[in-house]
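Every number in this text was worked out from the coordinates using simple rules, so none of it is lab data. Fair warning: this is a prediction, and the values are worked out from it, not measured in the lab. Reconstructed Cβ throughout: ideal geometry from the backbone, glycine too, with neighbour counts over all protein chains shown.
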Amino acid sequence: MTEQNQSECIFCQIVAKKIPCFKVYEDERTLAFSDINPLADGHTLVISKNHAVNLLEITPGDLAAVHQTSQKVAHAIMKSLKPAGIAVLQLNGAGANQVVMHYHVHLIPRNRPNDGLTVLEWEAKPGNMKAVERHYKKIVEAI
């Protein structure tokens, strides 16, 4: 992503304190803040302070830092809000419904089935083993 696009990135603007946020936690590499379009009470975003569009671009160190902060914030959500659980969601690319093109993790408190978040519900059903094997082989080959 170009510098100009980074300057237009809403999360980069939040890191630069050009846009306010409800800061939950901050350290040298990460920032956690309340999602202003929450799926549930306490929905929190965790971002790297360095701009990276997605999982494919973020540095290993920033990736580790985001997930360490996610764990710290998840403990605080559990302690303070006492949900039954927390969904950890991370989307990559417009095709996966990533809206802000800056790597981020959603921490979404859950109290299923009463929270109405059916988008986070799916039923496990047996897959086509030949297709599973075909895709697994392609991924292993790419690694």
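Quick notes
- Counting lysine pairs in the chain that sit 8 or more residues apart in sequence, or on different chains, and whose Cα atoms lie under 20 Å apart gives 9.
- With the cut-off at under 13 Å, measuring from each backbone N in the stretch 79-93 to a point 7 Å along the Cα-to-Cβ line of Asn114 picks out 83-85.
- For the stretch 60-71, 3J(HN,Hα) per residue [Karplus equation, 6.51 cos²θ - 1.76 cosθ + 1.60, θ = phi - 60°, Hz, x = Gly/Pro]: x, x, 5, 4, 4, 4, 4, 6, 5, 5, 4, 5
- FRET efficiency, Ile139 to Lys18 (Cβ-Cβ, R0 41 Å, nearest 0.05): 0.55
- Longest exposed-site-free window of the chain, the sites being GluC sites (Glu not before Pro) in a DSSP loop that have at most 12 other C-beta atoms within 10 Å: 29-120
- Where no second cysteine Cβ lies under 4.7 Å, the cysteines concerned in the chain: Cys21
- A DSSP coil position with no more than 11 other Cβ atoms inside 10 Å describes the following trypsin sites (Lys or Arg not before Pro) in the stretch 1-70: Lys17, Lys18.
- Computed over the stretch 3-117, relative contact order equals 27 percent, with contacts defined as Cα pairs under 8 Å that lie 6+ residues apart.
- Of the chymotrypsin sites (Phe, Trp or Tyr not before Pro) in the stretch 88-140, those whose Cβ has at most 16 other Cβ within 10 Å and which sit in DSSP loop: Trp122
- Phi-based couplings in Hz for the stretch 25-36 (Karplus 6.51, -1.76, 1.60; Gly and Pro marked x): 7, 8, 9, 4, 10, 9, 9, 10, 8, 5, 6, 7
- Karplus-based coupling profile of the stretch 106-114, in residue order and whole Hz: 9, 10, 10, x, 10, 9, 6, x, 7, with θ = phi - 60° in 6.51 cos²θ - 1.76 cosθ + 1.60 and x standing for Gly or Pro.
- Chymotrypsin sites (Phe, Trp or Tyr not before Pro) restricted to DSSP loop in the stretch 1-74 with at most 10 other C-beta within 10 Å: Phe22
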